[in-house]
1. Kindly list, by first and then second residue, each pair from a residue in segment 26-52 that is under 23 Å from Arg66 (Cα atoms) to a residue that is among the polar types (S, T, N, Q) and loosely packed, with under 15 Cβ neighbours inside 10 Å, limited to pairs with Cβ atoms under 9 Å and residues at least 6 apart or on different chains.
2. So how many residues does segment 75-94 have that are within 15 Å of Leu21 (Cβ to Cβ) and in contact with a His (Cβ under 8 Å, 6 or more places away or on another chain)?
3. If I ask for residues that are in a helix (DSSP H, G or I) and either touching a strand residue (DSSP E or B) at 6+ places or on another chain (Cβ under 7 Å) or in contact (Cβ under 8 Å) with a residue 24 or more places away in the chain (or both), which ones from segment 57-107 would you list?
4. Does Gly22 count as free of Cβ contacts under 8 Å to residues at least 60 places away in the same chain and either within 18 Å of Thr9 (Cα to Cα) or not polar (S, T, N, Q) (or both)?
5. So which residues in segment 1-33 are surrounded by fewer than 15 Cβ atoms within 10 Å (Cβ to Cβ), of a type in the set (A, V, I, L, M) and in a helix (DSSP H, G or I)?
Amino acid sequence: MRADIPPGTLYMLILKSLARLGPMHGYGIALHIQQTTEDILQVEEGTLYPALQRMLIKGWVEAEWRTTENNRRARYYTLTPEGRRQLATEIRQFDVVTAAIRRVIEPA
């Protein structure tokens, strides 16, 4: 089963991937999310790269051009201290929303 990435969670998934694995290029981030979720969540390029650009502007990630394992040029993204703080905020917000949804859908 494939599912859309829930609204408001893309930043959290990207930031957590970078926190867990260190510097990565966009394809690597997308692949990590897909593999970790057992193919349930898939990040499309048209969603991923604009999000990474917004995160660069916000100062949550930094980027530099490097050569990949396949000898291609790619932009590698690294989590900043501000991004680490934002990740904690994103996780807290996700936990609050998830708990609220659970109260609605679980039997009383």
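What follows draws every value from the coordinates through simple rules; no lab data is involved. None of the values given here were measured: they were computed from a predicted structure. Note: ideal-geometry Cβ built from the backbone for every residue, glycine included; neighbour counts use all protein chains shown.
1. Tyr27/Thr68; Gly28/Thr68
2. Going through segment 75-94, the residues within 15 Å of Leu21 (Cβ to Cβ) turn out to be 76-79, 83-84, 87.
Now drop any that are not in contact with a His (Cβ under 8 Å, 6 or more places away or on another chain), which leaves 76-77.
The qualifying residues number 2.
3. Residues of segment 57-107 in a helix (DSSP H, G or I): 57-58, 81-105.
Passing the criteria: Lys58, Glu82, Gly83, Arg84, Gln86, Leu87, Glu90, Ile91, Gln93, Phe94, Val97.
4. Working: free of Cβ contacts under 8 Å to residues at least 60 places away in the same chain: yes; either within 18 Å of Thr9 (Cα to Cα) or not polar (S, T, N, Q) (or both): yes.
Against the criterion (free of Cβ contacts under 8 Å to residues at least 60 places away in the same chain and either within 18 Å of Thr9 (Cα to Cα) or not polar (S, T, N, Q) (or both)), Gly22 qualifies.
5. Ala19, Leu21
Each row is one residue, and each column tells you yes or no for (1) more than 19 Å from His32 (Cβ to Cβ); (2) touching a Lys or Arg at 6+ places or on another chain (Cβ under 7 Å).
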position: Leu52; (1), (2): no, no
position: Gly59; (1), (2): yes, no
position: Glu69; (1), (2): no, no
position: Thr78; (1), (2): no, no
position: Arg84; (1), (2): no, no
position: Leu87; (1), (2): no, yes
